[in-house]
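In what follows, a structure is listed as structure tokens, so that the remarks can point back to it.
Coordinate-derived values only; no laboratory data. Keep in mind that what you see is a predicted model, and the values were worked out from it rather than measured. Note: ideal-geometry Cβ built from the backbone for every residue, glycine included; neighbour counts use all protein chains shown.
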């Protein structure tokens, strides 16, 4: 009889607790059976509780992102904040290709060019810091937009992990000498001190616009800005003689310069560019203007340090490969490898530099 009771009580583990409690109640005279059964029940429930706790722990462990030494274990997405086929999009694909080779895992580019790239930036801001979502951003997203756009409510130094400086294209001041009669930067400054001229950029608040306004300010010339929706239209109107000068990236202007359809009067580099040796710098002509429209790889905040270090090293390595560097030079882009710490300092310095210009042109917004 004792064995039957013990056997019945072990069945509680399978969930038939109410049935067995009834069987116990109909034999009150077997007090020792009841005590023994209660003891077994207590032991069984403790074991069941332990099993459930262990199962919960395993579930929690499996929910934790893979360790950084196992990364990447699946494809990695890089959002391009610029239209497909442009210089920035091409740069994103060069980076993706090299990272795919280095990590033996697919890095793919997905274009998210809407709202000036803010859709892509917001997607990265909202992504988990597991190393599988990044964006190719520019100085606009990390410096200019947080000062000039109401929808850019993030702090680029705190809310993003800025992985690596990818490269930058300096700005060239170009003219159509045949239409304007301007041959040198001195000619342009001399004319601009006595009469007002028009100049174009690829849009309001772009770096071409801000560099143009910076030059107007330091040279003290009279010139009004005409914003276009993209570089192509701005440059085509310069070729047609509808605009006197244009402030645009070397990347966008390079084909016009090589064809001698347009002439570069000054470039915003510290030294002359090897692929455009005939274009003097602003600096050598007495104007302290060194700048570029640069691009970077950024991810969500709190990216694991090990993943950050690996990515930074591989992007820097890719950008300094002879074949990649040569391709970028042909497109008018310059590389400048930095550590994550150096890049953070660079972004902070760019913010300090361009804040007064953003204020000057009336683009600053209160937040």
**Q.** Distance between the range 291-341 and the range 169-200 - C-alpha centres, whole angstrom
**A.** 34 Å
Q.
What FRET efficiency comes out for residue 226 versus residue 309 if R0 is 56 angstrom and r is the Cβ-Cβ distance? Round to the nearest 0.05.
A. 0.80
Q: Quick one: give the max-minus-min coordinate of the C-alpha atoms of the range 170-285 along each principal axis, largest first, in Å.
A: 33, 29, 28
(Q) I want to check the label-to-label distance for residue 218 and residue 83. Put each point 7 Å from Cα in the C-beta direction and report it in nm to one decimal. (A) 3.1 nm
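R0 = 30 Å: FRET efficiency of residue 321 with residue 270, Cβ-based, nearest 0.05? Mind showing how you got there, number by number?
Values: r = 23 Å, r/R0 = 0.77.
Approximately 0.85, to the nearest 0.05.
On full extension of the chain, what length is gained from residue 284 through residue 184, given 0.36 nm per residue of separation minus the C-alpha to C-alpha distance? Each step should come with its number before you reach the end.
On the way: separation 100, 0.36 × 100 = 36.00 nm, distance 1.27 nm.
Gain on extension, residue 284 to residue 184, equals 34.7 nm.
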Q: Please work out how much length the chain gains when fully extended from residue 341 to residue 177, using 0.36 nm per residue of separation minus the C-alpha to C-alpha distance, in nm with one decimal.
A: 54.6 nm
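For a Förster distance of 41 Å, can you work out the FRET efficiency between the beta-carbons of residue 204 and residue 101, rounded to the nearest 0.05?
Working: r = 39 Å, r/R0 = 0.96.
That gives a FRET efficiency of 0.55.
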